Amino acid sequence: MSNRVILFNKPYGVLSQFTDKGTEGSPRPTLSGFIDEPGFYPAGRLDRDSEGLMVLTDHGPLQARISNPKYKLEKTYLVQVEGTPDEKALEALRRGVALKDGMTRPARVEVTTPPDNLWQRDPPVRFRKSVPDAWLQITISEGRNRQVRRMTAHVGMPTLRLIRLQVGNWELNQLRPGAWRFASATGA
C-alpha cells in the first residue's frame, strides 16, 4: 500500500473536493482542475472562501489520522480580521470560546503581520477606510465547520481573509496558489 502525500495551496473559491456535487447552475472550480494524480483524497476540508494548505494522501489510515479531531492535529492559520484586537478578545480566543456547538479548545493566538510574499487574493478583500483591520496567527487543535471564522466573529472581529499555513508538520512555505508538490508522509 502506498503512503504518499501531496501538499496543495488551494486558491480562494476552489472546492476542497474533486467533483462539484452542488446544485448551482455552472460547475465550481474543484481540486481536479489542479491535481491530476490518481488515488489521492483530501485529508480534511478547507472552506471554499478560505485559502492555503491542503494535505492530500493516497493512504486511508493517514487520511483518517490527519482529519479526525480525536488526534488533535494542530492547524495554523493567518487570519485577517476586521477591527483592532484588544487583549480581552485575544485572551478569550486563547482560553476557548463558547460557540453554538460547545466550547472550543484553547487556541494559540498572536497579532502578526502578513509575510512580504503574500499573494493578492482574487477577488480582493474589500477595503474600508473607516474600519481598521489586523492580522492574527491562530493555531487550533480541532477542526469544526468554519471554526476560526466563528471564533473571531464571537469576539467581535469578523474574518476577512483566512489562509491555512500549516497542518501538523506540513507547511505551506513558498507554495503559490494553485501549485502542489509531493511531500513526506511524516510532514518533514
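Read-outs: derived from the displayed coordinates by stated rules, not from any lab. As the structure is a prediction and not an experimental result, all values here were calculated from the model. All Cβ positions, glycine included, derive from the backbone under ideal geometry; neighbour counts span all protein chains shown.
Summary table below
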| read-out | value |
| --- | --- |
| The range 121-181 shape via C-alpha gyration tensor axes, a/c threshold 1.5 | oblate |
| Mean Cα-pair separation over length for the range 98-188, i.e. relative contact order, pairs under 8 Å, 6 or more apart, % | 27 |
| Label-to-label distance, nm, for residues given as V125 and R28 (7 Å Cα→Cβ offset) | 2.1 |
| E74/V111 FRET efficiency (R0 22 Å; Cβ-Cβ; nearest 0.05) | 0.70 |
| Coarse-grained scattering of the range 1-47 at q = 0.29 Å⁻¹, given as base-10 log I(q)/I(0) from a Debye sum over alpha-carbon atoms | -1.28 |
| Partners for K75 among lysines (Cα-Cα distance below 28 Å; same-chain residues under 8 apart left out) | K10, K21, K88, K100 |
| Leading residue at positive end of dipole, the range 106-159 (Cβ point charges), from P124, W135, A153 | A153 |
| Kirkwood Rh (inverse of mean 1/r, distinct Cα pairs), the range 74-167, angstrom | 13.5 |
| Pairwise centroid distance, computed over Cα atoms, of the range 119-140 with the range 35-107, Å | 18 |
| Gain on full stretching of the segment that runs from A153 to N173 - 0.36 nm per residue minus C-alpha separation | 4.5 nm |
| Over the chain: helical MRE at 222 nm, DSSP H runs n ≥ 4 each giving -39500 (n - 2.57), nearest 500 | -3500 deg cm²/dmol |
| Top of L99, L56, L175 by mean-square fluctuation, Gaussian network on the chain, Cα under 10 Å | L99 |
| Eligible aspartates and glutamates near K72 by straight Cα distance, threshold 18 Å, same-chain separation 8 or greater | D101, E142, E171 |
| Built amide H within the under 5 Å cut-off of V5, gap 5+ | A183 |
| Gain on full stretching of the segment that runs from R48 to T84 - 0.36 nm per residue minus C-alpha separation | 10.4 nm |
| Longest site-free stretch - the chain; sites: trypsin sites (Lys or Arg not before Pro), DSSP loop, at most 12 other Cβ within 10 Å | 130-188 |
| Estimated distance in nm for a label pair at F18 and S2, the labels positioned 7 Å out from Cα along Cα-to-Cβ | 1.0 |
